[in-house]
Each structure stands twice: as C-alpha cells, then as structure tokens.
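The values are calculated or read from the model by the stated rules, or taken from the named source; none is laboratory data. What you see is a predicted model, and the numbers here were worked out from it, not measured in a lab. When we count neighbours, we look across all protein chains shown, and the Cβ atoms used for this are built from the backbone with ideal geometry, even at glycine.
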Amino acid sequence: MTQMNMIQAINSAHENLLERDKSVVVFGEDAGYFGGVFNATEGLQEKFGKQRCFDTPISEGGIIGAAIGMAVNGLKPLVEIQFSDYIYPGFDQIVSEAARIRYRSAADFTVPLTIRTPCGGGIRGGQTHSQSPEAIFTHVSGLKTIMVSNPYDAKGLLIAAVEDPDPVIFFEPKRLYNGPFSGDPAAPSQSWENHEFGDVPEKYYSLPLGKARVVKEGADLSIITYGTMVHVSLAAAEKSGLDVEVIDLRTLSPIDLETITASVQKTGRCLVVHEATFTGGYGGEILSLIQENCFYNLEAPIRRVAGWDIPYPHAFEWEYFPGLDRVVRAINIVMEG
Amino acid sequence: MNKLKIPAPKYRPGDAPNFENMMVGVNQNLSKPNIDSAPLDMMDHALGLVRVLNDEGELYGEWIPDISDDELLKGLSDMVITRIYDDRMQVMQRVGKMSFYLKCTGEEAIAVAQTAALEDQDMCFASYRQQGILIARGFPLLTMMNHCLSNSQDICKGRQLPIMYTWSEGNYFTISGNLGTQFPQAVGWAMASAYKGESAVASTWIGDGTTATNDFHQGMTFASVYKAPALLNVVNNQWAISSFQGFAAGEGTTFASRGIGYGIPGIRLDGNDFLAVYAVTKWAAERARAGHGSTLIEHFTYRAAAHSTSDDPSKYRPENEQEFWPFGDPIDRLKAYVIKKGIWSEKKHEALVKEHTKTVFDAYKKAESYGTLSSGDRPEVSTIFEDIFEQPTNTLRRQRQELGI
Ligand SMILES: Cc1ncc(C[n+]2csc(CCOP(=O)(O)OP(=O)(O)O)c2C)c(N)n1
Ligand SMILES: [Mg+2]
C-alpha cells in the first residue's frame, strides 16, 4: 500500500486502466500535455502517448458526443469535464443519448463511457467552480452516478466505472483532493497522510458500484451522506457526543437501499446531509425511500441538511456550506423529535 | 498502428520559439471594402491580416482611420491604466487580498480601441479578459477594485469571483464564468435593437478556445439568419489555458474565415495594432448600423500573461515566448506612433505612467479601506438570499430564518 491523496489515487487508476486495456482512452480540456487543471491526468500523455491521453477543444458537448461515438466503436472513453459547473453544454448528449442508447436500440448499441468531473465548493471558486449538480443526473434513468469521499474509494470506484458497460458520471469533490475536510474552514487543513483511506494499493483493483459504506457504526442516529459531507458528518457526530452512525453512499444511483434501511431500522432516527441545494436535491429521494421502507421504525421525523437554494456565493462560501454547526444542530433536533 | 492525429504546438518549454515564417504568404495590405460587401467577396480579409501600423511604426494602406489626436492619446492612456491596474491587482492577489485575478497583458488594444470606435449606446458582451472596455468607458477604478476585493461595496455583492464585473449603466453586460454564453446573447441584444428600430449595435468578445463551444456556432447562425447588427470578436491570443489554438481547429486556417460559411464577412486583424482594431471596428459598426448585418473579427494577438493567477504557463509553453511574438506590444507600438507624429514624448509618457501608477495606488488604498475578502467587511450576509427572484419565495424566507439572519 502507498499513501496517496485523492488526485494521486485517481491518477493511479488511470494509469492501471491505460496499462491493462488498450481500448481505454482519456481526454478532456487541458487533460493531455498539461495533465489537467487539478493534475489528475498528469504524466499520462508522456507515459502512454498522445493518442491515449489528449487535450480537446473547449466543447463539453463535443467531448461527450465524441466519447459516445468512440464507445460505440469499441473504445472505453474516460473523459474529464474540467468542472461540473461546465457540464451543461454536454447535457443533451448525456441525457438524451448516452443514457438512452442501450434502451432505444434494444441493446443493439451500448455506451461504456465514464465522465469524471470535479464538484463542490470550499475552495473559493465562486458560483462557477463550486456546484454539486448530482441530482440532475440521478434523475435520469440509464445513468449511474457516483460521488466519492476518499482516495481509496476514488481509485476503486473509478476503475469499476470504466469496467462498467454503461455510462457513469463520477463526481470528485475538489475540496477533498488534498485531504478530508471537517467543515470548519478555520481549522488547519488536513491531509490524507496517515488516513485509513489514504492508503491506496498501487495495483489494479475495483470496488463494487451500488454499495454504500458504513464509515462509522452507531446506535443513536443514522446520517446518510456522501462526498465532502461524509467528513463534516463524522466531525459533527463526534461533536454531538452521541453514538451516531455515518453512511457514505458512494454510489448515488443505483442506491444501496439495504445498507440504508438496515441502519435506520436499527437507530430509528435519520439525518440526510448533502452540499447541493436543498430543493429537488438527492436528499429528497433518500428521504422518500426511508419513509417507504422504515416508517414504522422511525422515532422522529427525518431531517435534511443541505445547501441553500441559491448559487454558491463567492464571499459567503461558509454561510452557504452546510457546515459543522448546522449538522450538529440538526442531529440534536432529530434526537429531540 | 494508432492512426489518430493529435495536434501539437510548435514550441514547448525549453524550445527556442521562432515565428519568422508565420506570416509568409499572408496578405497584409488589404483593401477597404464597401460596408455592404458580400461575405464571399471578402475572402482575402478573412485569410489575410489588416494592419495600419507597420513594423516601423508608420501608417500604411487603405485602412488608416480618421481619428483625432485626443482619441489617440486617450487610447494610449486607457491602455496604460489597464496594464498598471492589472499589475497592481495581480500583486494584491499574490499577497492574499483576493481569491483570483486575470490579466489582459498584450491584449489591451483589443478592448480599448474597439470601445473607442464604438458609441456609448453600443452594448458590450465581453469575456473576462476585456477589462479595458470598462476603463475606456470610465467605470471608476475604485468600483472595479471593490468588486475584486469582494468587500462591502462590491457591485456583485460578494457573489462572483473577482473580474466578473457588471455595469448596465455603461452598457457592459455581467460577465459569466461559463465560456461562450455571451456570444448568442449579444446577437439577441442586437436583434432586439433592430426590432425596436434603434441604431445601437452589440459587440461581443470570445477567446480562440471558446470558438469550439456550442454558443459560438449558435450565435453565428442567428447573427446570419437575422442579419443582427453585431460585432462578433474572436480574440485569438494563441492559447486557451494550456491548449494552443490548434485545439480550436485554428491550424492552417483563420478564425475569421469561419464567418464565410455562415454568410458573415470575416476580417482578421493585427490585434496589437490599436489603429487596426479601431479602423475595422468603425467599418463593422457602420455596416451593422446600416442594416448589413454582423462581422466576425479575429484579433490576432498573443496572451503575454498567464491564463490567470491559478495558472503556470512555464509548464506548457516556452517561458519567454511572448518576446518572440512578431507583432510587438500594443502600448509600445501606439506610443511610438504618437511620438513620431509629434503629439507625444518619452517625457510625457513617463509622467503619464507615474500619474496612473499613483491613481491606481490611491484607488487601491481607498478600496482596501472598504475591506478585503479576508477582512470580513462584506455586504450583509442576508443579501445572499436576495436577487434569486425579484421577490424571495417562502422557501427562501424559511432558509434565511434557518440561517438565523
Ligand atoms: C463551458 C466552459 N468550459 C470550460 C471552462 C474552463 N475554462 C475557463 S477559461 C478556459 C480557456 C479559455 O480560452 P480562450 O477562449 O482562448 O480565452 P482566453 O482565456 O485565452 O482569453 C477554460 C477552458 C469554462 N469556464 N467554461
Ligand atoms: Mg485564448
């Protein structure tokens, strides 16, 4: 095992994939020679040649449309959209095409395509470098949606996404690239060094899609979360002094209902936490599933902590971000309820 | 064998750049056509290069504009402030006063000269690299700085990254971080101007890299179909972050020539030549106002600075590449011309630089007194819930209460 931060783990996944499978091809804006604005593809062009990892025009629709065509012709494109805030020009190709080609052609054509994209705030990126648009994609049938929270999962799930025969959107919370984040911007920044999930095998491995992880076991209350908020929830659990269970969904769609229901049936109390805006967020879906499956086990109303229904304001990042205090407060409300 | 072709720039870090043959066979002595000329009759303009100032700093050719001494000196002055402003803001970003900055070094003429040639009523849909428009139109430096510092006086109320200015009063559209979106919007603005029977035109600027976006092509199509009174500028500064213009399919062709296929005349010009930018803008604005539709203008230039404060160009291009750029520096070139013309001197220039340095410095001190991103002097927190809609929804009211403000 080697210590890796999340960028190194993602880079290592690319390296293993490119090494193992000639049909894997990597591309995106500034992803080739330069190695990507977050260095996720650094060194790949040099090592594997410019036809296996290359730069593209600034055209997200072109990147995804071309990737679909390449996938249909036997390749396995692994593409980068520089920021998830810039994925929208490619939206039609994702929603109307990649997600539906298998179905509309009765599996005559299929699209093994992986779209990686950094998401989330906490890096002073302003409203066009901070969004968490996952719920827009979980709403689409025919797409698998992942959001990772640590280097170990990032590598294993990225490899699984590329192995998967269908289109996968892979969200990387950029705030977590260099270390976990407790949600307190004033605290000294943490690194992945010596972190349990910063220990990453250099060799090829994959983790199953659709499996959540119980990050911390507990009996009092379940927090269902993903991405950056996994770490904020862990910090809030500790601060609350209660015996909180924290579940990292990892794959949002398909969702791991068994792990969620087992947890909520055990604790009888539940909080759902995400960074994305509240209304129409993925939390609503999680809540509905719990209501349908665990209603008679619930001892209190389920609550959600999420971003406000506003764009991510640059100078008010920490007022937008559903940080430690808001999660602790919500834990207490659910416990009292 | 893998036969996929991937373009590559001529020079990478460590190489010695040489652009001597870049313009071999390119017509740099172009006629000035009538404003109602057909796009197909202007093929030479799309493939050539309109210049007014030659390498010796002398005027030549048919495009010499009718421009007053006052306008020339104002243009020079505006370019000088723009550069001093950029340098100051970059330094302040480096010391942590703001989160981000982005310079337009080497590209000052494109914004400043075009603004000089437009009328105040004309609407500008800029990209993030035309701060010279604001300076040329007299937007106070203090206001610009307050925005970049995200302080209590920020016109964007702390909601946007620095440099995302907005100024409706100055006919300058709010800057988007999503590339290319302003391009069809400018065309729509121009269509509305025509609809209302007005004489104002719209002008929009995008980068070479951004010509690859959907928005560029949508804008071109609408501009052509409705003969929108718009100036469509492509600032070809050779780079889009780390990608050279070959990744926007610029190799072996010009961006200006893209107009022809859409039925829009394209003109490529020397973007480091203030007078060429001015002259072609006048022509295109006159054409638009007369109802003959849009013009696609390619400003051939070089991004002398890093993409932004988040970028390190020494990783992907020769460190001193801009020194080899054959078209010089726009400020040096205009300065040399006005000195030669006898309306300016080195001494006056020195005094001007000194004066502007002080003006920028004083404005910055004043701006800082209103706070910086880190000092905490921001607009009221409750303002984050405003302007989602004209009236807040009940959901937003509830969320605001939950935040406790
Ligand atoms: C839709 C979209 N995709 C990607 C980006 C990220 N990005 C910001 S600037 C830039 C390069 C733009 O290059 P160019 O159009 O040549 O303009 P220049 O920066 O050279 O002025 C990129 C890729 C973005 N802002 N918007
Ligand atoms: Mg450019």
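I'm checking my understanding of the structure. Among residues of the stretch B:301-316 that are more than 16 Å from ligand 2 (Cβ to nearest atom) and assigned to a helix (DSSP H, G or I), which one is nearest to the other protein chains (Cβ to nearest Cβ)?
Among them, the one singled out is B:315.
Taking only the stretch B:246-257 into account, find how many residues are in contact (Cβ under 8 Å) with a residue 40 or more places away in the chain and within 13 Å of another protein chain (Cβ to nearest Cβ).
Number of matching residues: 6.
Are any residues in the stretch B:103-126 buried (at least 23 other Cβ atoms within 10 Å of the Cβ) and within 16 Å of ligand 2 (Cβ to nearest atom), and if so, which ones?
Matches in the stretch B:103-126: B:103, B:104, B:106, B:107, B:108, B:109, B:110, B:111, B:126.
Say we look at the stretch B:223-270 and pick out the residues that are assigned to a helix (DSSP H, G or I) and within 10 Å of ligand 1 (Cβ to nearest atom); which of these is farthest from residue B:292 (Cα to Cα)?
Ranking the candidates gives B:247 first.
Which of the residues that make up the stretch A:20-41 are surrounded by 18 or more Cβ atoms within 10 Å (Cβ to Cβ) and more than 10 Å from chain B (Cβ to nearest Cβ)?
A:24, A:26, A:28, A:38, A:40, A:41 - these are the residues of the stretch A:20-41 that are surrounded by 18 or more Cβ atoms within 10 Å (Cβ to Cβ) and more than 10 Å from chain B (Cβ to nearest Cβ).
Within the stretch B:167-179, is even one residue within 14 Å of another protein chain (Cβ to nearest Cβ), touching a His at 6+ places or on another chain (Cβ under 9 Å) and within 16 Å of ligand 2 (Cβ to nearest atom)?
yes
Could you tell me whether any residue of the stretch A:99-121 is among the acidic types (Asp, Glu) and in contact (Cβ under 8 Å) with a residue 24 or more places away in the chain?
So the first thing to find is which residues in the stretch A:99-121 are among the acidic types (Asp, Glu), and the list is A:108.
Filter once more, keeping what is in contact (Cβ under 8 Å) with a residue 24 or more places away in the chain: none.
No, every residue in the stretch A:99-121 fails to be among the acidic types (Asp, Glu) and in contact (Cβ under 8 Å) with a residue 24 or more places away in the chain.
Within the stretch A:246-255, can one find any residue that is without any contact (Cβ under 8 Å) to a residue 60 or more places away in the chain and of a type in the set (Asp, Glu)?
Scanning the stretch A:246-255 turns up no residue that is without any contact (Cβ under 8 Å) to a residue 60 or more places away in the chain and of a type in the set (Asp, Glu).
Is there a residue being more than 27 Å from residue B:78 (Cα to Cα), within 16 Å of ligand 2 (Cβ to nearest atom) and in a loop (DSSP other than H, G, I, E, B) anywhere in the stretch B:204-222?
Yes; the residues of the stretch B:204-222 include at least one that is more than 27 Å from residue B:78 (Cα to Cα), within 16 Å of ligand 2 (Cβ to nearest atom) and in a loop (DSSP other than H, G, I, E, B).
Got a sec? Which of B:138, B:180, B:158, B:132 is within 16 Å of ligand 1 (Cβ to nearest atom), in a loop (DSSP other than H, G, I, E, B) and not hydrophobic (A, V, I, L, M, F, W, C)?
Step by step, each of B:138, B:180, B:158, B:132 is checked, and only B:180 is within 16 Å of ligand 1 (Cβ to nearest atom), in a loop (DSSP other than H, G, I, E, B) and not hydrophobic (A, V, I, L, M, F, W, C).
Is it true that some residue in the stretch B:70-84 is away from chain A (no Cβ under 14 Å), more than 16 Å from residue B:353 (Cα to Cα), of a type in the set (D, E, K, R) and part of a loop (DSSP other than H, G, I, E, B)?
no
Out of curiosity, is residue B:271 within 14 Å of ligand 2 (Cβ to nearest atom), more than 14 Å from chain A (Cβ to nearest Cβ) and modelled with pLDDT of 95 or more? Outline the logic, then answer.
On the way: within 14 Å of ligand 2 (Cβ to nearest atom): yes; more than 14 Å from chain A (Cβ to nearest Cβ): yes; modelled with pLDDT of 95 or more: yes.
Taking the combined requirement at face value, the residue satisfies it.
Looking at residue B:118, is it away from ligand 1 (no atom under 14 Å from the Cβ), within 14 Å of another protein chain (Cβ to nearest Cβ) and modelled with pLDDT of 95 or more?
no
What pairs come out if I take residues in the stretch B:198-211 that are within 8 Å of chain A (Cβ to nearest Cβ) and pair them with residues that are among the aliphatic types (A, V, I, L, M) whose C-beta lies under 7 Å away, six or more apart or interchain?
Correct list of pairs: B:209/A:58; B:209/B:240; B:209/B:248; B:210/A:58; B:210/B:179.
Between B:201, B:225, which is farther than 29 Å from residue B:306 by Cβ, in contact with a strand residue (DSSP E or B) (Cβ under 7 Å, 6 or more places away or on another chain) and modelled with pLDDT of 95 or more? Please lay out each step first, then the result.
Numbers: B:225 fails: in contact with a strand residue (DSSP E or B) (Cβ under 7 Å, 6 or more places away or on another chain).
None of the others qualify; the one that does is B:201.
Which residues, taken from the stretch A:87-117, are within 16 Å of ligand 1 (Cβ to nearest atom) and over 16 Å from the mean Cα position of the chain (by Cα)?
Across the stretch A:87-117, the qualifying residues are A:88, A:89, A:90, A:91, A:92, A:93, A:94.
So which strands (runs of 3 or more DSSP E) stay within the stretch A:202-315 end to end and still have 3 or more residues that are of a type outside the set (D, E, K, R)?
So the answer is A:221-225, A:244-248, A:251-253, A:270-277, A:303-307.
Give me the pairs: first residue in the stretch B:215-239 and within 17 Å of residue B:285 (Cα to Cα), second residue charged (D, E, K, R), beta-carbon distance under 6 Å, and six or more apart or on different chains, which are they?
If the second residue must be charged (D, E, K, R), the pairs left are B:234/B:298.
For the stretch B:1-37, what are the residues that are among the hydrophobic types (A, V, I, L, M, F, W, C), surrounded by 15 or more Cβ atoms within 10 Å (Cβ to Cβ) and at the interface with chain A (Cβ under 10 Å from one of its Cβ atoms)?
Correct list: B:6, B:8.
Does the stretch B:139-162 include one or more residues that are within 16 Å of ligand 2 (Cβ to nearest atom) and either modelled with pLDDT of 95 or more or within 10 Å of chain A (Cβ to nearest Cβ) (or both)?
No.
Being more than 8 Å from chain A (Cβ to nearest Cβ) and of a type in the set (A, V, I, L, M, F, W, C) is the filter here; which residues of the stretch B:365-390 pass it?
Scanning the stretch B:365-390 gives B:367, B:389.
Which condition number does residue B:393 fail, the rest of (1) under 24 Å from residue A:313 (Cβ atoms); (2) away from chain A (no Cβ under 14 Å); (3) surrounded by 12 or more Cβ atoms within 10 Å (Cβ to Cβ) being met?
The number of the failed condition is (2).
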